[in-house]
């Protein structure tokens, strides 16, 4: 290899470290929301271009130096990395590919360990910086493989959460591996002194310039959008904490002995001689329930006197409708019915709403137990169109953003079409050029709450 190739190898490996580190750090900060940033697809593509460009240079180096075990295991690792990247991108639109993706990750980690081992135990280990690179690759891949397989045997959500956090930090450390290849190429560069090797290859110069410009543009937007996502996550948590202070925190024990923690807020200026409606606000996580936050504001409590019920959503569980997610719907149904005996609730004016995961639950609840609810507001969610005919006497007003990447807009469209085909008359509002975060627009719809509280079970 000549000086231009070594120089390009150093540049591309450093860029691999930066793009990979930013990706891993942001993932630690905002979790799965990273996949739904508007700029993510561009940053994802650029990161892969950088990674595979670095792989080509590294493979050429191994081939030229006759490091055959390292060369072949690198090719296999790269092949499974490519498959992983393709399926990761596909999973953003289709969550049902999760099992295939997991198998690919297992194969990738196994071949990564083989690649690391080849740098430790083959002739490549004679190079000063390749052996420590192999040690880091072998150990991090081994830890990630052990965590992935161990997670299959764990049912406790708290333990699974800790394993996930550990895997994120280990993944962050793997982004530093290319530094060893930078040091190796730097050493090779110093020993490349012949005149011919000093000629500058303009192709590499142009490619470096294009990659640098593309990284600066997409990297800035990626960091900006990630920061804003993290900022609003924090704001939502603050609002949730303020909301919790207003509510009574209670626990319901179901017929099977299972416990459900929930929040309950009584109507303002409560009159025990009256019956009030109840709004079941399904959170998208924890107690983060958008409708409950809005309706618990003092102005709205005066305007719409109602009970507000917020069941707690444990990590890794849901209300129904989300593939491969444990469901606690029956426990919530029992808790709702039990409140009739304890509180002054009008059973003909039960309303349910939720955003994202809570929206999935909203569709699921009104198809599983339509007898419980008079009206529903599912937001940014999808249901089971085959069950739409079961939504009897439930008024529905659904909302979705046209450009939603978290939940395809077809999720709402298909449910509305299925309901209409079954003779129902649902309302549907689709916001053009909007993505997943449409709750503000939904909550400020002029007729939304008036419409909701006017509904009565027929």
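The values are calculated or read from the model by the stated rules, or taken from the named source; none is laboratory data. Since we're looking at a predicted model, the values are computed, not measured. With ideal geometry, Cβ positions are generated from the backbone for all residues, glycine too; neighbour counts draw on all protein chains shown.
Taken together, the residues in segment 238-262 that are loosely packed, with under 13 Cβ neighbours inside 10 Å and either closer than 26 Å to residue 34 by Cα or in contact with a helix residue (DSSP H, G or I) (Cβ under 9 Å, 6 or more places away or on another chain) (or both) amount to 7.
Count, please, the residues in segment 294-309 that happen to be in a loop (DSSP other than H, G, I, E, B) and within 31 Å of the chain's Cα centre (by Cα).
From segment 294-309, those in a loop (DSSP other than H, G, I, E, B) are 296-297, 304-306; that's our starting set.
Pick out the ones that are also within 31 Å of the chain's Cα centre (by Cα) and you get 296-297.
So the answer is 2.
Has segment 110-133 got at least one residue that is closer than 25 Å to residue 316 by Cα and part of a helix (DSSP H, G or I)? Among the residues of segment 110-133, not one is closer than 25 Å to residue 316 by Cα and part of a helix (DSSP H, G or I), which makes the answer no.
Let me confirm something: among 255, 218, which residue is in the same structural domain as residue 439 (by TED's automatic domain parsing) and touching a residue at least 12 places away in the same chain (Cβ under 8 Å)? So the residue among 255, 218 that is in the same structural domain as residue 439 (by TED's automatic domain parsing) and touching a residue at least 12 places away in the same chain (Cβ under 8 Å) is 255. When residue 437 is tested against the conditions (1) touching a helix residue (DSSP H, G or I) at 6+ places or on another chain (Cβ under 9 Å); (2) modelled with pLDDT of 95 or more, the lone failure is (2). Filtering segment 86-102 for residues that are farther than 28 Å from residue 408 by Cα and either out of contact with any helix residue (DSSP H, G or I) (no Cβ under 7 Å at 6 or more places or on another chain) or surrounded by 14 or more Cβ atoms within 10 Å (Cβ to Cβ) (or both) leaves an empty set. When residue 250 is tested against (1) part of a loop (DSSP other than H, G, I, E, B); (2) touching a strand residue (DSSP E or B) at 6+ places or on another chain (Cβ under 9 Å), just one condition goes unmet, and that condition is (1). Against the test of being exposed (fewer than 14 other Cβ atoms within 10 Å of the Cβ) and in the same structural domain as residue 74 (by TED's automatic domain parsing), the options 169, 129 yield a single qualifying residue, 169. Looking at this structure, is residue 362 buried (at least 23 other Cβ atoms within 10 Å of the Cβ) and outside any strand (DSSP E or B)? Yes, satisfied.
Tell me the residue from 295, 282, 263 that is in contact with a strand residue (DSSP E or B) (Cβ under 7 Å, 6 or more places away or on another chain) and more than 16 Å from residue 350 (Cβ to Cβ), please.
Values: 295 fails: more than 16 Å from residue 350 (Cβ to Cβ); 282 fails: more than 16 Å from residue 350 (Cβ to Cβ).
The unique qualifying residue is 263.
Residue count for segment 326-357 under the criterion of being assigned to a loop (DSSP other than H, G, I, E, B) and surrounded by 15 or more Cβ atoms within 10 Å (Cβ to Cβ): the result is 4. Among helices (runs of 4 or more DSSP H) entirely within segment 1-94, having at least 2 residues that are in the same structural domain as residue 164 (by TED's automatic domain parsing) and free of Cβ contacts under 8 Å to residues at least 12 places away in the same chain singles out 40-64, 68-93.
Return the residues of segment 304-329 that are on the phi < 0 side of the Ramachandran plot and free of Cβ contacts under 8 Å to residues at least 60 places away in the same chain; say none if nothing qualifies. Walk me through how you get there before you give the answer.
Restricting attention to segment 304-329, the residues satisfying the condition of being on the phi < 0 side of the Ramachandran plot are 304-315, 317-319, 322-323, 325-329.
305, 307, 309, 311, 312, 313, 318, 319, 325, 326, 327, 329 - these are the residues of segment 304-329 that are on the phi < 0 side of the Ramachandran plot and free of Cβ contacts under 8 Å to residues at least 60 places away in the same chain.
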